[in-house]
Each structure stands twice: as C-alpha cells, then as structure tokens.
Amino acid sequence: MAKKGEAKHQKRIATPKVIPITDKKASTWIARTVPGPHARASSVPLSVLLRDILKVAKTAREAKSIMVRRMVEVDGKPRTDERFPIGLMDVIGFPKAGKYYRIVVDWKGRLVPLEITKEDAGRKILRVVKKHIAPGAKINITFHDGRNMIADNHIHCGDSVSVSLPTIKMEGHLKLESGARCLIMEGKHAGTIVTLNEIISRKAGKPAEAKVSNDKGEFITVARYLFAIDSKFGVSQ
C-alpha cells in the first residue's frame with residue numbers, strides 16, 4: 001500500500017543541528033515540524049521548544065495541553081499545533097505567566113530562547129531575503145520567516161525591517177551598511193554581535209565577505225551570515 005502523507009516524527013539522533021538538545025539517545029523519536037514560516041533544517045517544533053528547551057512541560061502530552069488552551073503565543077498569535085516551526089527572531093509569549101522570549105542563536109548556531117520584556121515582545125526584526133516586482137508595478141519584499149510586504153525601493157536584500165506584533169506594521173529600517181550592528185547567524189562566529197565595517201565583493205562566483213569587529217578585534221565572515229539588528233530588541237552578547 002502506498003504511503004499516505006508525510007511522517008510526523010523523525011529519529012531523535014538525526015535532529016537538525018539548530019535544535020539544542022544533548023540527550024539524542026534518550027528516546028528514538030522526536031516531533032517533526034510541519035511546513036510553515038521556517039525551513040525544517042532551521043527550525044524547532046513548538047512542542048520540543050516547550051518540553052526540551054524551555055522545560056515548561058515534562059512530556060509532549062503536557063506541551064500539547066498547554067497549547068490547545070491557547071496559552072502559548074508565537075509573534076503575538078496563539079498557536080495550537082505542536083509541530084509548528086519556530087525559527088530565528090520569533091517571539092514566544094506566555095501572557096498568563098508574563099514570560100516572553102526571543103529566539104536567537106548561540107555560539108554553536110543552535111536556536112535558543114532569550115528572555116525579554118513584554119515591551120520588547122511587541123516588536124520583531126525581519127531580514128529581507130528576496131525582492132521582486134509584483135503586479136501593478138509594486139515592490140514586494142520577502143522576509144526570512146516567509147512573510148511578504150509591499151515596500152519601496154530603498155529597502156534592499158540583506159537589510160532588516162522592524163515590525164510591530166501582531167499587526168506586522170513596519171516601524172523601522174535597518175540597513176546592512178558600514179556601522180550597522182549585526183548578529184552572526186552561522187559559521188564559527190555564530191551568535192556573536194559585531195559592527196559591520198565593510199562588505200567585500202569576491203569574484204568567480206564566491207560569496208561576498210564582510211569585515212566586522214567587536215571588543216575582541218576585527219575579523220572576516222561571510223556577508224550572508226549577517227543579520228542587522230538594533231540594541232533595543234533584547235539581543236545581547
């Protein structure tokens with residue numbers, strides 16, 4: 001008989017490296033994300049975040065019970081699907097408990113929650129990954145979490161936009177330019193907050209590089225690893 005539908009679980013030993021669990025041999029299976037705003041390789045299932053990372057539930061059943069009572073918000077909206085994908089810069093809220101977290105990356109490139117204030121939880125930074133002309137000669141930009149927005153030609157790929165939650169209204173524009181404060185998303189410097197000094201173009205199809213610096217000195221990283229941020233968004237070294 002033919003297989004119907006996709007698998008709901010995957011082997012725990014084969015979890016993506018962005019999921020910060022150390023006990024991969026504790027059990028055989030782990031929840032698998034459903035298609036959503038983030039790719040499977042760069043996201044964490046919501047139930048895994050609640051049980052294994054935030055530890056607000058002891059079992060997957062408890063995590064699901066919390067979600068179906070609409071006690072968990074993602075970017076200001078209640079989510080009840082235990083396999084909903086959680087990715088970089090998503091805001092996780094527990095309004096009844098008064099707890100809010102922003103998903104960032106640690107030094108190993110793993111997605112980890114950073115506790116923030118309720119005020120900071122009302123904002124989110126989105127990175128522009130695509131830009132094209134929509135019908136009616138409108139400029140459409142696509143963000144790293146799959147959202148789309150009509151914008152003007154001053155916003156370029158690689159820039160970031162700050163929006164309000166849950167309305168997703170643009171509040172500010174963070175350019176990826178000299179002097180910008182950035183979070184490194186991948187590579188051996190993942191999780192580091194740096195200041196962008198210069199973007200260096202490379203030939204022969206090689207990716208552009210960026211010269212950056214922090215209090216430890218100056219170094220070079222891949223330009224596409226940079227995520228322009230603002231100090232008021234609760235991301236710290």
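If only residues of the stretch 68-91 that are aliphatic (A, V, I, L, M) and in a strand (DSSP E or B) are counted, the one that is surrounded by the fewest Cβ atoms within 10 Å (Cβ to Cβ) is VAL74. Contact map, the stretch 95-112: first residue polar (S, T, N, Q), second residue at pLDDT 95 or above, Cβ cut-off under 8 Å, separation 6 or more or different chains; the map is empty. Among the residues of the stretch 11-30, those that are outside any loop (DSSP other than H, G, I, E, B) and either out of contact with any Pro (no Cβ under 9 Å at 6 or more places or on another chain) or under 30 Å from VAL128 (Cβ atoms) (or both) comprise LYS11, ARG12, ILE13, ALA14, TRP29. Determine, yes or no, whether ALA14 is under 30 Å from ALA228 (Cβ atoms) and at pLDDT below 95. No: the conditions fail for ALA14. Taking the numbered list (1) surrounded by 14 or more Cβ atoms within 10 Å (Cβ to Cβ); (2) at pLDDT below 95; (3) outside any loop (DSSP other than H, G, I, E, B) in turn, VAL235 passes all entries but (3). In this structure, is ARG51 in the same structural domain as GLY87 (by TED's automatic domain parsing), in contact with a strand residue (DSSP E or B) (Cβ under 6 Å, 6 or more places away or on another chain), buried (at least 16 other Cβ atoms within 10 Å of the Cβ) and of a type in the set (Lys, Arg)? For ARG51, the condition - in the same structural domain as GLY87 (by TED's automatic domain parsing), in contact with a strand residue (DSSP E or B) (Cβ under 6 Å, 6 or more places away or on another chain), buried (at least 16 other Cβ atoms within 10 Å of the Cβ) and of a type in the set (Lys, Arg) - is not met.
Say we look at the stretch 93-123 and pick out the residues that are among the hydroxyl-bearing types (Ser, Thr, Tyr) and assigned to a strand (DSSP E or B); which of these is farthest from THR22 (Cα to Cα)? Lay out the reasoning, then the answer.
Residues of the stretch 93-123 among the hydroxyl-bearing types (Ser, Thr, Tyr): 100-101, 117.
Adding the requirement that they be assigned to a strand (DSSP E or B) leaves 100-101.
On the way: TYR100: 24, TYR101: 21 Å.
The selected residue is TYR100.
Exactly one of these conditions fails for ALA190: (1) assigned to a strand (DSSP E or B); (2) among the hydrophobic types (A, V, I, L, M, F, W, C); (3) touching a helix residue (DSSP H, G or I) at 6+ places or on another chain (Cβ under 9 Å); (4) under 19 Å from ASP90 (Cα atoms). Give me its number. For ALA190, the failing item is (1). Scanning the stretch 100-144 for residues that are outside the structural domain of VAL161 (by TED's automatic domain parsing) and at positive phi yields a single hit, GLY109. All conditions in (1) touching a residue at least 60 places away in the same chain (Cβ under 8 Å); (2) among the basic types (Lys, Arg); (3) not in a loop (DSSP other than H, G, I, E, B) hold for LYS64, with the sole exception of (1).
I'm trying to understand the selection: among the residues of the stretch 172-213, which are free of Cβ contacts under 8 Å to residues at least 24 places away in the same chain, surrounded by fewer than 16 Cβ atoms within 10 Å (Cβ to Cβ), within 23 Å of TRP107 (Cβ to Cβ) and of a type outside the set (Lys, Arg)? Within the stretch 172-213, THR195, ASN197, PRO207, SER213 qualify.
In the set (1) modelled with pLDDT of 95 or more; (2) closer than 27 Å to THR192 by Cα, the condition left unmet by PRO78 is number (2). In the stretch 145-171, the qualifying residues are those that are closer than 25 Å to ARG110 by Cα and without any contact (Cβ under 8 Å) to a residue 60 or more places away in the chain, and the one that is surrounded by the most Cβ atoms within 10 Å (Cβ to Cβ) is VAL161.
The values are calculated or read from the model by the stated rules, or taken from the named source; none is laboratory data. No experiment lies behind these values; they were computed from the predicted model shown. We place every Cβ from the backbone using ideal geometry, glycine too, and count neighbours over all the protein chains shown.
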